[in-house]
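Coordinate-derived values only; no laboratory data. Bear in mind the structure is a predicted one, so any value in this text is a computation, not a measurement. We place every Cβ from the backbone using ideal geometry, glycine too, and count neighbours over all the protein chains shown.
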Amino acid sequence: MNNKYAIGKIVTGKVTGIEKYGIFVNLDDYYSGLVHISEISDSFVRNIDDYVNIGEYIRVKILDIDNKNFHLKLSIKNINYHINRQNKNKIKETRKGFSTLEKMLDMWVEKKYSEILSKTENKM
């Protein structure tokens, strides 16, 4: 029996696959599991891609454990399964917008062009 996983425990795993019937989640080098479509939401789930993305780390609740095959029956229903999804840093716009780019671009291009010419002349 594995002490790391227990029925009712909420653990973190990585979404490794999405099918019409559910979400495949890898928990570690041995254990993986399936969140069946019926365990995603109390509401009708039209498109599983609306809930998770492949490669995303999510929290899952363990419903059942098959220690012989290292497989878990999982759920994300009624838990906060997203990890930092709502806390993504958004790019803040400034009043200056592209004005810095507009002012500096010609100078940057000219500087880089001079560097390239200098390297080319040194090779000859």
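Which angle from 0 to 90°, rounded to the nearest 10, does the C-alpha axis of helix 99-123 make with the longest principal axis of the chain?
For 99-123 against the chain, the angle is about 70 degrees.
Please state, rounded to one decimal and in Å, the Kirkwood hydrodynamic radius that the chain gives when every pair of distinct Cα atoms enters the mean of 1/r.
Answer for the chain: a Kirkwood hydrodynamic radius of 18.3 Å.
What nm distance separates the two modelled labels at Val109 and Asp49, each placed 7 Å from Cα along Cα→Cβ?
A separation of 3.8 nm, rounded to one decimal place.
Only Lys, Arg, Asp and Glu count, each charged at its Cβ (+1, +1, -1, -1), so figure out the dipole size of region 10-75 about its Cα centre, rounded to 20 debye.
On the way: 7 positive and 10 negative charges, 13 e Å.
I would put it at about 60 debye.
In what sequence do Val45, Val35 fall when counting other Cβ within 10 Å, fewest first?
Values: Val45 14, Val35 29.
So the residues, fewest neighbours to most, are Val45, Val35.
In debye, nearest 20: dipole of the chain around its Cα centre with unit charges on the Cβ of K, R (+) and D, E (-)?
Details: 21 positive and 16 negative charges, 80 e Å.
The calculated dipole for the chain is roughly 380 debye.
Could you list Arg46, Arg59 so that the one with the fewest beta carbons within 10 Å of its beta carbon is first and the one with the most is last? If you can, show how the numbers build up before the last one.
Values: Arg46 7, Arg59 16.
Starting with the residue having the fewest Cβ neighbours, the order is Arg46, Arg59.
Inverting the mean 1/r over all pairs of different Cα atoms, compute the Kirkwood radius of region 10-75 and quote it in Å. The partial results should precede the final answer.
On the way: mean 1/r = 0.0850 Å⁻¹.
Value: 11.8 Å, from the Cα pair sum.
Set Lys and Arg Cβ to +1 and Asp and Glu Cβ to -1, take the dipole of the chain about its Cα centre, and tell me which of Gly22, Tyr5, Met107 lies farthest positive.
The Cα lying farthest towards the positive end belongs to Met107.
Taking neighbour counts of Cβ atoms within 10 Å as a proxy for exposure, in what order, fewest first, do Tyr113, Tyr57 appear? Show your work: numbers first, answer last.
Details: Tyr113 10, Tyr57 15.
In order of increasing Cβ crowding within 10 Å: Tyr113, Tyr57.
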